[in-house]
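K.L.:
I'd like to ask you about the structure that follows.
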Amino acid sequence: MGQRLWNLNSHKLAALFLAVVVPPAATLVWLGLQLLQQDRALLAQRELESRQAAGQTIVRSLEQSLSEAGRHLAEGPAPEGTVRFSLSEIGVRAEPANRVLWIPAPARFQEAASVPFVEAEALEFQGSGQRALPLYEVLARSHDRHIRAGALLRIARVFRRNRRWDSALESYRRLALMTTTAIDGIPADLVARTAICSISEESDNKGALGREVASLESDLLAGRWALDRPAWELTAAKIEQWTGHSISIDAERKQASDVAGWIWEEQKRSVGGTHPAPRRTVVIEGSPATLLSQDSRVLAVLPSAAQAWLGRAISTTRLADGNGRLVAESGETVAGSTSPAGVSALRFFGAETGLPWTMILTAGDSSVEAKEFAQRRRLLSAGLAAIMLLLAGGSYILWRVVHREMAVARQQTDFVSAVSHEFRTPLASLRHITELLDEDDNLALERRRTFYQALGRNTERLHRLVESLLDFARLESGRKPYRLEPTDAAQLVEQVVADFAKDARGYSIDLDVVRGLELQADADSLTHALWNLLDNAVKYSPEQRTVRVSVRRHPAGVAISVEDHGLGIPPRERKEIFRRFVRGEKARELGIKGTGLGLAIVSHIVKAHGGTVEVESQEGAGSAFRIMFPAAVKRKSVSPLCANEEA
Ligand code: ADP
């Protein structure tokens, strides 16, 4: 299993990691979501229950308000926002009168017949107003107040025609004091006060007109006279004409007046028929009104009262004002505000509660539970996010570590097999030559010498390999001592190239050296580094067999380059190849022998000399390795420790 794991490539390793990490992460998220869902369901259930309980409380409170209002059906003042209508054969009475504008068929005052005035009116209309006046004045002293009223009206009329304004006004003022009689179906005082306004206008007395109209308007709106709609509207139109502004009509009073008209019509329709339900909500001209009926009395609960009752009832619960609504059977809102679509609504039907409305309760957004839930959801989401982040971060780090370890393990395996191969070739040659020498005692001296030379070369190769490995071990452990001494760069390079050329038959090595450049160097180590670069230049140039070595002055000191025209190095490998055990892809593909240690050793040695190494290359065209040393390194010798520190 372990072996198989190391053999996985990075894609497969990533897939393995995903396979290990994703299921628990997904499970965690799923569990979190489930938890949230359950929490939400529980909360919704709790909220529903609490809304149901609140609904019962509201129903009780509304029932109480209705019963209290019902008690005022027969007597006492009608509660705020309600109007009590008393119906009779002849008309409707509204209490309090100032909560309506007009009423249908208002109870009328008695008034004088025209008979007593026939004679005087004949004179008046023949153009002898003056002769009619004494007759009217006699009648104006009558015991019968209705006749008195009729006479005063006619006296005022005569004076008005004659433009005797003061006398006409005096007569009207006396008439205006008579509050229990009527003229042509209109209360006598209203007739008189309207006429006073007209005279003030005709006589161009603006001050008087303003005062009279203002008091007439306030009395009309205070419900002083029980008028039917045409009479009310006629008076209002006159007032508007005199004042020049329109009378602002309170919508609820208008509605109360409409309700009065409606119940009057209903009564006429159902004479001898069924009695209306004691509680009901009717919609008149688009506006709903709640009616409580008993015998011939009806208490109209106007929207402001229903609204107030609902508000009071809701305030005793944990719900907010906007969460409750009363609707008529046909769906019109009686009180409360319409809830936005999509909000869960709990309905309490009139058939169950006994109320004349359907009550709708919606869940409050700002309920404490909702806030708690939101907080829990935030916490859980943050926790989940943190766990996911940790999981992702941890997995990534683990993946990196495993990936690196795998790479190292692979490199080490490759190294062992590479080293074995390196040993095998010279060992095979040694064995073969030894056998040949052993088999034939009569070998020609010349041939025998060739064999001995081959033995020497292979032994040297093995020796160098072993030394290289030991050197690397010493470098790695920091045990390698460096003796830095002034060294002639050109001389050292020429010597290494000369030695190397003996081994590199078939290759030409061009030298281009600037003389007189001195380095502080450990000659053995520098030789080793140069040898490795030359060895690579030859190994990786199977076709273009020319290598160029140069020694030059450099701004940083001295630069030694080894250039070839071989395989070249792909850009992605140019940094990596200086790490131990790392071999190029091409080197492995082409089966070129090597251990992956050469450049790591070069890098080590150069750094220990305080220098740097760089590579320039073009794939398929060759590579140039350049090592640069500082010009003035004055130390005689450095300990391995120091060398490493320098590195
Ligand atoms: P080795 O040569 O034993 O593989 P090195 O550390 O010397 O190890 O080199 C590492 C890698 O760098 C080589 O495997 C090869 O791919 C690449 N390399 C080094 N020198 C050259 C060169 N002169 N031309 C092309 N590739 C080179």
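The values are calculated or read from the model by the stated rules, or taken from the named source; none is laboratory data. None of these values were measured; they are calculated from a predicted model. In this analysis, Cβ positions are derived from the backbone assuming ideal geometry, glycine residues included, and neighbour counts consider all displayed protein chains.
K.L.:
Loosely packed, with under 15 Cβ neighbours inside 10 Å, of a type outside the set (Val, Ile, Thr) and touching a strand residue (DSSP E or B) at 6+ places or on another chain (Cβ under 7 Å): which single residue out of Arg347, Arg410, Arg312 fits that description?
P.N.:
Arg347
K.L.:
Just to verify a result, which residue in region 463-477, among those that are buried (at least 16 other Cβ atoms within 10 Å of the Cβ) and not hydrophobic (A, V, I, L, M, F, W, C), is farthest from Ile601 (Cα to Cα)?
P.N.:
Arg464
K.L.:
Would you mind listing the helices (runs of 4 or more DSSP H) fully within region 178-245 where at least 2 residues are over 24 Å from Phe159 (Cβ atoms) and either touching a Ser or Thr at 6+ places or on another chain (Cβ under 7 Å) or not aromatic (Phe, Trp, Tyr) (or both)?
P.N.:
Of the helices (runs of 4 or more DSSP H) lying wholly inside region 178-245, those with at least 2 residues that are over 24 Å from Phe159 (Cβ atoms) and either touching a Ser or Thr at 6+ places or on another chain (Cβ under 7 Å) or not aromatic (Phe, Trp, Tyr) (or both) span 206-221, 229-243.
K.L.:
Cβ-Cβ distance below 9 Å, separation of 6 or more or different chains: which pairs start in region 78-96 with a residue that is without any contact (Cβ under 8 Å) to a residue 60 or more places away in the chain and end on one that is crowded, with 17+ Cβ neighbours inside 10 Å and outside any strand (DSSP E or B)?
P.N.:
Ile90/Ala105; Glu95/Ala78
K.L.:
When you scan region 268-276, do you find a residue that is surrounded by fewer than 18 Cβ atoms within 10 Å (Cβ to Cβ) and part of a strand (DSSP E or B), even just one?
P.N.:
Checked region 268-276: no residue is surrounded by fewer than 18 Cβ atoms within 10 Å (Cβ to Cβ) and part of a strand (DSSP E or B).
K.L.:
A further question follows. Mind telling me which of the residues Asp522, Asp503, Asp499, Asp471 ends up being of a type in the set (D, E, K, R), under 30 Å from Arg431 (Cβ atoms) and touching a residue at least 60 places away in the same chain (Cβ under 8 Å)?
P.N.:
Within the list Asp522, Asp503, Asp499, Asp471, the selection yields Asp471.
K.L.:
To continue, here is another question. Taking the conditions exactly as written (modelled with pLDDT of 90 or more, out of contact with any Ser or Thr (no Cβ under 6 Å at 6 or more places or on another chain) and hydrophobic (A, V, I, L, M, F, W, C)), does Phe117 satisfy them or not?
P.N.:
yes
K.L.:
State all residues of region 618-631 that are surrounded by fewer than 15 Cβ atoms within 10 Å (Cβ to Cβ) and within 10 Å of the ligand (Cβ to nearest atom); if no residue qualifies, say none.
P.N.:
Within region 618-631, Glu619 is the sole residue that qualifies.
K.L.:
Of the residues in region 246-257, how many are touching a helix residue (DSSP H, G or I) at 6+ places or on another chain (Cβ under 8 Å) and part of a helix (DSSP H, G or I)?
P.N.:
Residues meeting the conditions: 5.
K.L.:
Mind listing just one residue for me: the one in region 580-599 that is more than 8 Å from the ligand (Cβ to nearest atom) and modelled with pLDDT of 90 or more and, of those, surrounded by the most Cβ atoms within 10 Å (Cβ to Cβ)?
P.N.:
Leu590
K.L.:
Determine, yes or no, whether Val615 is near the ligand (Cβ under 9 Å from one of its atoms), modelled with pLDDT of 95 or more and assigned to a strand (DSSP E or B).
P.N.:
Here the answer is yes, as Val615 does meet what is asked.
K.L.:
So which of Val497, Val514 is at pLDDT 90 or above and either touching a Ser or Thr at 6+ places or on another chain (Cβ under 6 Å) or away from the ligand (no atom under 16 Å from the Cβ) (or both)?
P.N.:
Answer to the check: Val514.
K.L.:
Taking into account only those residues within region 545-579 that are in contact (Cβ under 8 Å) with a residue 24 or more places away in the chain and of a type in the set (Lys, Arg), which is farthest from the ligand (Cβ to nearest atom)?
P.N.:
In this case the residue turns out to be Arg553.
K.L.:
Which condition number in (1) surrounded by fewer than 17 Cβ atoms within 10 Å (Cβ to Cβ); (2) at pLDDT below 90; (3) touching a helix residue (DSSP H, G or I) at 6+ places or on another chain (Cβ under 9 Å) is the one that Leu48 fails?
P.N.:
With respect to (1) surrounded by fewer than 17 Cβ atoms within 10 Å (Cβ to Cβ); (2) at pLDDT below 90; (3) touching a helix residue (DSSP H, G or I) at 6+ places or on another chain (Cβ under 9 Å), Leu48 is out only on (3).
K.L.:
Let me ask another. Suppose the filter is of a type in the set (Asp, Glu) and farther than 27 Å from Phe578 by Cβ; does Glu439 pass it?
P.N.:
Here the answer is yes, as Glu439 does meet what is asked.
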